[in-house]
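First comes the structure, then the notes that go with it.
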Amino acid sequence: MAMRIATLTGGHHLIFVPIDAMESSSELGFFIIMLSGITNGLIKISLSLLLLRIKGHEFWWSVGLWILICSLAIVMIGSALSTIISCNPVSAFWHITERLSGKCWSPIVSMYISYGFGCEFSYREMDIYINSMLIRAFWQLFLSLLTL
């Protein structure tokens, strides 16, 4: 933390952050990391349900959207679980002494598990898929309104 501030200020102003402040921000960060994957997945599920309501009468739209909803739920649960089990006990995520004593996964392992599980790639891929489906559905709806 001090090295980053020294880089930003040219070494003129150093601020040393107390360990208690670092631990409280790490505890908050744990919940933010865990909940960000869940909220991201729930937003995508909500958009999928919107599309299902608009185009649910067509068989392949229904099948594709339900597959998308189920895969989003799996990725969302896997993302939250990987965050929870990355430290044993969970409090080691924000207690610096426990983290440095080797009770947590290394950042490299966490990155491999996150990308191996497909959390980052799946969310980007699903964004493109949902957005293309939304554009197509609303375009068809717009064209049907023009013919009225």
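So the values come out like this:
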| item | result |
| --- | --- |
| Contour minus Cα-Cα distance for L49 and A137 (0.36 nm per residue) | 30.4 nm |
| FRET efficiency for I32 and S71, using Cβ-Cβ distance with R0 set to 22 Å, rounded to 0.05 | 0.40 |
| Highest to lowest packing among 19-30, 83-94, 60-71, scored as the average C-beta count within 10 Å | 83-94, 60-71, 19-30 |
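Taken together, the values in this text are just the output of simple stated rules run on the coordinates, not laboratory data. Fair warning: this is a prediction, and the values are worked out from it, not measured in the lab. Here Cβ is always computed from backbone atoms with ideal geometry, including for glycine, and neighbour counts include all displayed protein chains.
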